[in-house]
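Worksheet for the structure shown next.
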Amino acid sequence: MTALTHPRLFPATAGHRWRISSRHLGPNWYAVVMGTAIVANAGAALPRVPGARTAYEVVWALSAAALVVLVAARATHWARHRDQARAHLLDPSVAPFYGCVSMALLAVGGGTLSVGAHVIGVRAAVAVDAVLWTAGTAIGLVAAAGIPYLMITRHRIGAQDASPVWLLPVVPPMVAAALGPALAAHVPAGQARLALLLGCYALFGLSLMAVLLILPAVFLRLVRHGAPAPALTPTLFLVLGPLGQSVTAAAHLAEAAPAGVHGGYFAVAYGVPVLGFALLWLVLAGAIVVRALRRGMPFAMTWWGFTFPLGTCVTGAAGLARHTGLHALTWLAVGLYAVLVGAWAVVAARTALGVARGTLLAPSNAALASAPAHATALASAPAHATAPAAIPTPAAVPVSAPTPASAGVSVPSAERR
């Protein structure tokens, strides 16, 4: 579903460059792995195209390498900057992004089985997926329960703070439910396979119920207080994640259902209406993004929100196409995939450039922590008014004084235009 709000605050100049430090590496960076892995995973769900398999394998390998590097970097972060890591958990604008840890593991694991098996062999792919799926599911369950617990007991959240980012901790169980059936096919038939499939149904249900609790609050916030600040507008695409992923999960669970269980009926009856709503939200969020671009939406790590959620809609549409045989759904999946690849190429290039320049991991100005009004102005002002500055990363803002811009939603209603 990002924290993801990590654009440049003060650019590096010829005479001064920020030193890259793992201290400012937040859990939002797992979105890079998610967004890259889904390009390979979604491509594998589409009809076969000559030569495409090699491209999917390259992207999968890139996502796997990024996961290894990021896990090592985050381990260093926890070892050397434990105070900052704890601050992330206590910051309501950063803590939800711990859901990205689970989804990154699950996405790479699923890609290893669907794409990487042609590279490393089926037996090795099953073993890797089993480890990553188990770890990702366990972390996802902890995030799904733990982050809402912190929101209720430790975080200070205002009436205007509802955000699509809240979906991130509760979506991982749905991702596990969507990817579990492929792993179940390699589990011996009997109690073990049945337990895994029923567990996936349970994961599907708990995630869906949590999403249904959060979505009304998100929409009510948008209607009453307007669109987020420009740099935070891409977070609206996070709503597509649970929608597309649940359609994908329903399709995959139906394909793995035991003989005599007609799961295809549920997959179609559930998937078609939900995919329809996902397309409605895609149009709405896309229109708001175009509006923000025209008003100077700066590049930020929030742009990774365009990738993984959109990819789940590709896999969802492809799954429905398999169950219904409707060619229009196949073409829909292909069209959405083309948009996904374009978005990933742009965001990946901009991210690589930011890392090379040392700006995406630069510490923010500590003075902004005591000047929330100034931070809000940076978030909502047009690019020409703020360039080259942008919003500070929430990961660098002390938890004792989170800024409205870092929360991603506390923009005064007067900012609506």
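Could you please let me know if residue 176 is surrounded by 15 or more Cβ atoms within 10 Å (Cβ to Cβ) and either closer than 15 Å to residue 241 by Cα or of a type in the set (S, T, N, Q) (or both)? Against the criterion (surrounded by 15 or more Cβ atoms within 10 Å (Cβ to Cβ) and either closer than 15 Å to residue 241 by Cα or of a type in the set (S, T, N, Q) (or both)), residue 176 qualifies.
For the range 281-294, the criterion of being at negative phi, assigned to a loop (DSSP other than H, G, I, E, B) and basic (Lys, Arg) is met by none of the residues. In the range 240-257, the residues that are open to solvent by 10 Å² or more (accessible area, probe 1.4 Å) reach residues that are basic (Lys, Arg) and assigned to a helix (DSSP H, G or I) with C-beta atoms within less than 9 angstrom, at least six apart or across chains, in these pairs: 255/322; 256/193. Annotation for the range 47-58: at least one member residue is within 25 Å of residue 318 (Cα to Cα), surrounded by 17 or more Cβ atoms within 10 Å (Cβ to Cβ), at pLDDT 95 or above and of a type outside the set (Asp, Glu). May I ask you to list the residues in the range 293-304 that are touching a helix residue (DSSP H, G or I) at 6+ places or on another chain (Cβ under 7 Å) and at pLDDT below 95? If the condition is that a residue be touching a helix residue (DSSP H, G or I) at 6+ places or on another chain (Cβ under 7 Å) and at pLDDT below 95, then 295, 296, 297, 298, 299, 300, 301, 302 are the ones that fit.
In the set (1) touching a Ser or Thr at 6+ places or on another chain (Cβ under 7 Å); (2) open to solvent by 40 Å² or more (accessible area, probe 1.4 Å), the condition left unmet by residue 295 is number (1).
Of everything in the range 59-88 that is more than 28 Å from residue 114 (Cα to Cα) and crowded, with 16+ Cβ neighbours inside 10 Å, the residue that is farthest from the chain's Cα centre (by Cα) is 81. Looking at 168, 206, just one residue is modelled with pLDDT of 95 or more and open to solvent by 50 Å² or more (accessible area, probe 1.4 Å), and that residue is 206.
If you go through the range 295-304 and pick out every residue that is hydrophobic (A, V, I, L, M, F, W, C) and in a loop (DSSP other than H, G, I, E, B), you end up with 3. With a requirement of 3 or more residues that are over 24 Å from residue 288 (Cβ atoms) and modelled with pLDDT of 85 or more, the helices (runs of 4 or more DSSP H) lying completely within the range 305-380 that satisfy it span 308-324, 327-357.
Applying the set (1) closer than 30 Å to residue 185 by Cβ; (2) touching a helix residue (DSSP H, G or I) at 6+ places or on another chain (Cβ under 6 Å); (3) open to solvent by less than 50 Å² (accessible area, probe 1.4 Å); (4) not aromatic (Phe, Trp, Tyr) to residue 119 leaves exactly one unmet item: (3). Considering the range 123-152, the residues that are modelled with pLDDT of 95 or more and β-branched (Val, Ile, Thr) include one that is surrounded by the fewest Cβ atoms within 10 Å (Cβ to Cβ), namely 131.
The values are calculated or read from the model by the stated rules, or taken from the named source; none is laboratory data. Keep in mind that this is a model prediction, so the values were computed, not measured. Methodologically, a virtual Cβ is constructed for each residue, glycine included, from the backbone with ideal geometry; neighbour enumeration extends over all protein chains shown. For the accessible areas, the whole protein counts, side chains as well, though only heavy atoms, and no ligand, DNA or RNA atoms are used. Shrake-Rupley method; radii C 1.70, N 1.55, O 1.52, S 1.80 Å.
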